[in-house]
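Please treat every number below as a calculation from the coordinates, not as lab data. Please read these numbers as outputs of a predicted model, since none were measured by experiment.
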Amino acid sequence: EDQVTQSPEALRLQEGESSSLNCSYTVSGLRGLFWYRQDPGKGPEFLFTLYSAGEEKEKERLKATLTKKESFLHITAPKPEDSATYLCAVHVHNDYKLSFGAGTTVTVRA
Amino acid sequence: EAGVAQSPRYKIIEKRQSVAFWCNPISGHATLYWYQQILGQGPKLLIQFQNNGVVDDSQLPKDRFSAERLKGVDSTLKIQPAKLEDSAVYLCASSLGGRADTQYFGPGTRLTVL
């Protein structure tokens with residue numbers, strides 16, 4: 001069975017304190033790995049898609065990387081507005097659904 | 001470009017009552033998804049439509065949940081009768097095509113079953 005595990009469950013950061021979130025996956029035939037941001041009371045907002053090991057993508061203070069077993073979301077010099085739950089999801093060959101991890105809730109204090 | 005629209009945003013019902021949620025996807029998106037997100041968990045797919053047809057409903061509790069997508073656009077998800085464990089956020093998402101396409105989510109409907 002495909003599995004997606006995110007760690008840590010929660011992360012408290014001081015403004016400007018860089019850190020990384022982990023998404024490890026056990027799937028047969030990865031087709032794509034997705035990162036979403038979810039604010040309280042809102043639906044997930046798309047951030048990145050990664051398709052192959054070694055791929056990296058950046059958006060403002062966020063950078064996502066992918067290996068054959070895991071993905072990292074690096075947050076550089078975070079600001080309070082980066083506070084949210086970050087969800088990782090995988091899409092595998094011969095399947096339609098996204099399988100999500102439980103998310104990492106990031107809180108950035110000013 | 002307008003995003004995925006959902007209504008209502010909140011609903012409170014008693015157990016054994018019925019409830020329906022509505023979703024309007026992004027214009028031109030052929031694929032529509034309904035997810036259930038229980039507090040503290042990631043979204044779980046309930047059903048996926050490609051135009052009018054059902055592609056995957058393997059995780060839909062068919063004894064109480066039903067969904068339809070008329071004319072390949074709007075969709076309705078119904079629960080009848082509701083149970084306490086159905087309390088969750090119901091998310092609708094849409095994508096241009098099928099597999100591995102980016103899915104864009106609506107704001108969700110928060111259901112509380114008392």
Relative contact order as a percentage, chain B, C-alpha pairs under 8 Å and 6+ apart, gives 37
The set of residues whose placed amide H lies less than 5 Å from the amide H of B:I47, leaving out same-chain residues fewer than 5 positions away, is B:W34
Set the bar at 19 Å for Cα to Cα. Now go through A:K63/A:K97; A:K63/B:K44; B:K44/B:K78 and name every pair that lies beyond it. A:K63/A:K97; A:K63/B:K44
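Under 1.5 on a/c is rounded, so check that first for chain A, then, if it is not, pick prolate when a/b is larger than b/c and oblate when it is not; a ≥ b ≥ c are the square roots of the alpha carbon gyration tensor eigenvalues.
Values: a/c = 2.06, a/b = 1.70, b/c = 1.22.
Verdict is prolate for chain A.
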Highest-MSF residue in chain A out of A:D95, A:D39, A:D82 [GNM, Cα springs under 10 Å]: A:D95
Relative contact order (%) - criterion: Cα under 8 Å, at least six apart; region: segment B:1-63: 22
